[in-house]
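Comments concern the structure below.
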């Protein structure tokens, strides 16, 4: 039996998460639909599958485009971010990005060993912050099929953010970033990675100079989404 392409597995995970992302912000909802179209291979949609398809999962596996998650899959691809927040949502951990020369949330490209998009975000967060004790906002990651033989939908992201890149980022031209949230103790010791010049906690309502122009709005949207999901879960 041929082993599945790891990128195809990761792309399917990304597609399922993005399809399950129903943000309260209308602009986020519209952009999320564009993400789904970007990750999906329209020629392999379930409704276009042939009569010999082995059920909806087989068709969906083909519908997720592996190059969408590969760093070398083209100048545009998905990346995974993690907004590390204090549990009371009053503080956010930022890194001063070495290439970009700005303060931003931790995150980056997926790696060959990543099996889920959320896992890639949390791995990046640990690598770039040195924080071992990160608590995912929505930690449930299904690995057992339900009674119908299907895996339950994995936890969706908290935001999407597509942005073009400067020449300093090499062959990458556009990142289709997918944001997740994890919590950590602001007094925990952090370390600086090779990709950053500094890492520090800041009040969410008093961000440092040197963030990208739209970062305050992006963070506010993330916080609103987290608060909405917390209320809905009560």
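Spin-label point model (7 Å from Cα, Cβ direction): what's the residue 90 to residue 173 distance in nm?
4.6
How much length would be gained if the chain were fully extended between residue 228 and residue 33, taking 0.36 nm per residue of separation minus their Cα-Cα distance, in nm to one decimal?
Working: separation 195, 0.36 × 195 = 70.20 nm, distance 2.02 nm.
68.2 nm is the gain from fully extending residue 228 to residue 33.
Which stretch or stretches of the range 104-136 have amide N atoms under 15 Å from the point lying 7 Å from residue 189's Cα along the Cα→Cβ direction?
129-133
Full-extension gain between residue 22 and residue 200, please, as 0.36 nm times their residue separation minus the C-alpha to C-alpha distance.
Numbers: separation 178, 0.36 × 178 = 64.08 nm, distance 3.08 nm.
Between residue 22 and residue 200, full extension yields an extra 61.0 nm.
With 10 angstrom as the radius, rank 135, 91 by how many other C-beta atoms surround their C-beta, starting from the fewest. Please report the intermediate quantities before stating the final value.
Details: 135 13, 91 19.
Ordered from fewest to most neighbouring Cβ atoms within 10 Å, 135, 91 come out as 135, 91.
With each label point set 7 Å from Cα along the Cα-Cβ vector, what nm distance links residue 98 and residue 72?
2.1
Quick one: Cα centre-to-centre distance for the range 157-228 and the range 4-40, in angstrom?
Comparing the Cα centres of the range 157-228 and the range 4-40, I get a distance of 19 Å.
Which peptide among 223-230, 82-89 comes first, and what is the full order, when sorted by highest mean count of other Cβ atoms within 10 Å? The partial results should precede the final answer.
Values: 223-230: 16.2, 82-89: 20.1.
In descending order of packing, they fall as 82-89, 223-230.
Label residue 220 and residue 132 with points 7 Å out from Cα along Cα→Cβ: what is the distance between them in nm?
Distance between label points: 3.9 nm.
Coordinate-derived values only; no laboratory data. Keep in mind it's a predicted model, so treat the numbers as computed, not measured. With ideal geometry, Cβ positions are generated from the backbone for all residues, glycine too; neighbour counts draw on all protein chains shown.
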